[in-house]
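> The structure is given below, and queries will be raised subsequently.
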Amino acid sequence: MLLGLLAFKGSWVVSSNREAGEGYADILVEIDDDDEPMGLVIEVKYARDGDLDASCQEALAQINKRQYGDAFYDEDIEKVLKYGVAVYKDKCKVMCQKVENLS
């Protein structure tokens, strides 16, 4: 469902389970904006114990540990938003980190 929502914007390049950094990111989105291209990394976790905060943090930690954002830096996209998404039954929580490559 999330892939369908993201693909609504025709100019966005959306990919799922694509190799990035040191693993496979759940969802990568490349936004080709003339002013400032941007990348989105989305990692989704199911909060088995109902702790949405912990599962969001786990997802963000995985993005950082496995360096999924590097897929964008290799393409000269300096602005990357990292989203940790947690779901439990009918509840959902999203946490975001904004990172700009300073190298």
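> Which residue pairs have Cβ atoms closer than 7 Å, lie 6 or more positions apart in sequence or on different chains, and pair a first residue in segment 9-37 that is free of Cβ contacts under 8 Å to residues at least 24 places away in the same chain with a second residue that is assigned to a strand (DSSP E or B) and aromatic (Phe, Trp, Tyr)?
Short answer, once both residue conditions are applied: 17/24; 29/12; 31/12.
> Here's another thing I want to ask about it. What number of residues within segment 1-32 satisfy the criterion of being more than 27 Å from residue 88 (Cβ to Cβ) and either of a type in the set (Phe, Trp, Tyr) or exposed (fewer than 10 other Cβ atoms within 10 Å of the Cβ) (or both)?
Adding up the residues that qualify gives 3.
> Look through 80, 85, 44 and report the one residue that is more than 21 Å from residue 1 (Cβ to Cβ), buried (at least 16 other Cβ atoms within 10 Å of the Cβ) and not charged (D, E, K, R). Please lay out each step first, then the result.
Numbers: 85 fails: more than 21 Å from residue 1 (Cβ to Cβ); 44 fails: more than 21 Å from residue 1 (Cβ to Cβ).
Sole residue among the options that is more than 21 Å from residue 1 (Cβ to Cβ), buried (at least 16 other Cβ atoms within 10 Å of the Cβ) and not charged (D, E, K, R): 80.
> Something else: Applying the selection to segment 34-73, what residues are outside any helix (DSSP H, G or I), of a type in the set (D, E, K, R) and closer than 11 Å to residue 95 by Cα?
To start, the set of residues in segment 34-73 that are outside any helix (DSSP H, G or I) comprises 34-51, 66-69.
Add one more test, that the residue is of a type in the set (D, E, K, R), and what stays is 34-36, 43, 45, 48-49, 51, 66.
43, the sole residue that qualifies.
> A further question follows. Exactly one of (1) at pLDDT below 95; (2) aromatic (Phe, Trp, Tyr); (3) touching a Ser or Thr at 6+ places or on another chain (Cβ under 8 Å) is unmet by residue 88. Its number?
(1)
> Could you tell me which residue of segment 4-19 is modelled with the lowest pLDDT, considering only residues that are among the hydrophobic types (A, V, I, L, M, F, W, C) and out of contact with any strand residue (DSSP E or B) (no Cβ under 6 Å at 6 or more places or on another chain)? Can you show your working first?
If we filter segment 4-19 for residues that are among the hydrophobic types (A, V, I, L, M, F, W, C), which is where we start, we get 5-8, 12-14.
Now restrict to residues that are out of contact with any strand residue (DSSP E or B) (no Cβ under 6 Å at 6 or more places or on another chain): 5, 8.
Values: 5: 79, 8: 73.
The residue in question is 8.
> Can you go through 35, 49 and tell me which one is out of contact with any strand residue (DSSP E or B) (no Cβ under 9 Å at 6 or more places or on another chain), farther than 21 Å from residue 2 by Cα, loosely packed, with under 15 Cβ neighbours inside 10 Å and of a type outside the set (Ser, Thr, Tyr)?
Details: 49 fails: out of contact with any strand residue (DSSP E or B) (no Cβ under 9 Å at 6 or more places or on another chain).
The conditions single out 35.
The values are calculated or read from the model by the stated rules, or taken from the named source; none is laboratory data. What you see is a predicted model; the values in this text were computed from it and never measured. Glycine gets a Cβ as well: all are built from the backbone with ideal geometry, and neighbour counts include every protein chain shown.
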